[in-house]
Every structure is written in C-alpha cells, then in structure tokens.
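Trainee: Take a look at the following structure, please.
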Amino acid sequence: MRSKSLFVLLPLLALAGCNKKSGGGETASAAGCGGDKVDLTKISGDWVVKEPFQDVGGLYPGDQYRLHFASPPGADGTLKANLAFRVDSRPYIGKLSQNGLGATIDLLEDMTPDTIDQLKKANNQDPHVPMRSIVHVTPDDGACTLDVTDDYQSFVGDKVVENSQLGLLHMVPAEPGKVYSFVRCEGQKGVWFNGKAQDDSGQPLKLSTHTPIPISAEAARDVFPKDAACNAFDADIYVDGVRTAEKVPGKADDKSVTFAGTVSFQASMPLHSVELHAFAECGAERKFVVSACNLARQ
C-alpha cells in the first residue's frame, strides 16, 4: 500500500473554467409552495429530484441532484443558486421572466467573462462539447413541484449552441431537517476509508452498507489561518450529500491537520460519496478552509 499523502488542493475538473463555492451547507426549508403551483417569485431553499434517476452504473436517489436557491428573485428578477450533482457542486446566476404562458427561471453556471472568452476562443468545432451548464426552471402542474430541464451550452466560435444533458426532471422540496452539501470538492480521493483511498486498480473501494467505516483526511497546515485567534480546527462530514457529523475535531502539528471519523452508507446506489469540509474556529467566526472527498462502491 502506498504511503498516505496530503490531499491535493486543486479545483474539481469537470466543465472547463468553473467557479467554486466556498462554505458549508445550511439548513434551508424550501419556499414558494402554495396554491396549485410553485410561485417562482418566492422560490428559495433546497429542492431535490422527486424520483430516483438513472446515471452511471445504475439508479440513484433523487437527492443526488439538488438545487439550492439562496433567496427569492430580487426586484430586477435576478437570483443566485447552487446545483449539486452527486459530489460536484457549482454556483449559478439566474433570471426570472414572466409572460402570458407563465414564469420561468433560467440559471446559468456562474463564470467570469475571461473564462467565457477563453472558451469561445478555443476554436471548438463540435457543438456537443459541454462548456457551460444551463438549467431552466418552471412550475409543474402538480402542487409544490418544479419542472427542471438540465442542458448545456457549447461555444462554437461566437455561436452559442444549447443541447440536452439530463433532460426533464421533476423536483420537490427537500426533506426538512437535512443539511445538504453545496460545496465544490477540492481534494479528490482526499478522504481515506480504513487507511486506503482506492483499490489496487485505482478504482473506488468496494464497501458494505449499514456498516461503520473509519475515515480520515489530512491537509497541509499552511492552508489554515496563521492568526492566533484561529486556534482550533474542525470538520463537518457529509455522506451522499447529507451532513452526518458536525465539528469533528482536527489534530494539528507544524506540518498538517488531520481529521478522523466514522461513516455508514444507508441508501442503495452504485457509487457513494463522502465529503469532509474543514473549518478554522476564529473566535465567534467559523471560517471554511478546504474540502476533501472520495467515492466508494457497494
């Protein structure tokens, strides 16, 4: 078994040039329900796909695709949101529009103008290369249900081409009391299960469900604040996107900060995720520092 190393602090590589969200998840009850349809002018909180959906390897529970609306649209119709698809999370900017057919929110993956310019100048000639995510949200005919169309944009020179990615999804408010992760994982394979990050072939470890499994993660000490007021470090642990432990103490020395805990996989799905979000306790303020994650198969 190879020696354990510090987890690499690099952004998750998915679509090119994505921004990341820093910070931990917060409990958020969904708003906008009332009457026969969702009122998009009041939309907020966490929403998850209503039914299990098919993805790589098989069937996944609906909350493996989830949307968080930070607050209802402002007076100009703009809003911010985060979308988490299993372990990948991205920030979005949105716009509410209304016409005779009803209301729609269009969410675009939040990218800097420089990133968009670089993608347009990449001399891409294939309109089927995903470059920027776009999500369309409308009220469903059912009570407290959203119709969400998950698409992507590709830049072919200055031309913008939109194609379907996951197609139409039906979303409902998340179960009250659950705290979901909407944080981009920075340290892939940074969480270790029983001292291993992967199997001998480099694939996710095969682990049992309903069984306590020791986990650990380690980060370089110099990524944490040097301020004397930030004299304690801890972490929150998420299993399959849901927080299962809070403020797990970290042990620091001059070179690293280490965290240890236990997880158990309850749901049935082809691939499970574990995330560890590390924080510094700085007096009354808890500062998010870095995240680590890993996948396991059952």
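Trainee: Only residues that are of a type in the set (D, E, K, R) and more than 18 Å from residue 82 (Cβ to Cβ): list them for region 141-174, please.
Mentor: The answer is 141, 147, 158, 159, 162.
Trainee: Same structure, new question: For region 97-132, name all the residues that are part of a strand (DSSP E or B) and more than 29 Å from residue 61 (Cβ to Cβ).
Mentor: Scanning region 97-132 gives 97, 98, 99, 102.
Trainee: Let me ask another. For residue 219, state whether it is surrounded by fewer than 15 Cβ atoms within 10 Å (Cβ to Cβ), touching a strand residue (DSSP E or B) at 6+ places or on another chain (Cβ under 9 Å), touching a residue at least 12 places away in the same chain (Cβ under 8 Å) and of a type in the set (A, V, I, L, M, F, W, C).
Mentor: no
Matching residues to (1) buried (at least 21 other Cβ atoms within 10 Å of the Cβ); (2) farther than 24 Å from residue 182 by Cα; (3) of a type outside the set (A, V, I, L, M, F, W, C); (4) without any contact (Cβ under 8 Å) to a residue 40 or more places away in the chain:
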position: 50; (1), (2), (3), (4): no, no, yes, no
position: 53; (1), (2), (3), (4): no, no, no, no
position: 61; (1), (2), (3), (4): no, no, yes, no
position: 64; (1), (2), (3), (4): yes, no, yes, no
position: 67; (1), (2), (3), (4): yes, no, no, no
position: 72; (1), (2), (3), (4): no, no, yes, no
position: 101; (1), (2), (3), (4): no, yes, no, yes
position: 106; (1), (2), (3), (4): no, no, yes, yes
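Trainee: Only residues that are basic (Lys, Arg) and within 14 Å of the chain's Cα centre (by Cα): list them for region 54-107, please.
Mentor: 66, 86, 90
Trainee: Within region 222-259, restricting attention to residues that are under 16 Å from residue 187 (Cα atoms) and among the small types (Gly, Ala, Ser), which residue is surrounded by the fewest Cβ atoms within 10 Å (Cβ to Cβ)?
Mentor: 256
Trainee: Could you please let me know if residue 151 is among the acidic types (Asp, Glu), free of Cβ contacts under 8 Å to residues at least 24 places away in the same chain, surrounded by 14 or more Cβ atoms within 10 Å (Cβ to Cβ) and more than 30 Å from residue 257 (Cα to Cα)?
Mentor: Criteria met by residue 151.
Trainee: Next up: Name the residues in region 22-44 that are at pLDDT 65 or above and in a loop (DSSP other than H, G, I, E, B), would you?
Mentor: Scanning region 22-44 gives 30, 32, 33, 34, 35, 36, 37, 38, 39, 43.
The values are calculated or read from the model by the stated rules, or taken from the named source; none is laboratory data. As the structure is a computational prediction, the values presented were derived from the model and not from experiment. When we count neighbours, we look across all protein chains shown, and the Cβ atoms used for this are built from the backbone with ideal geometry, even at glycine.
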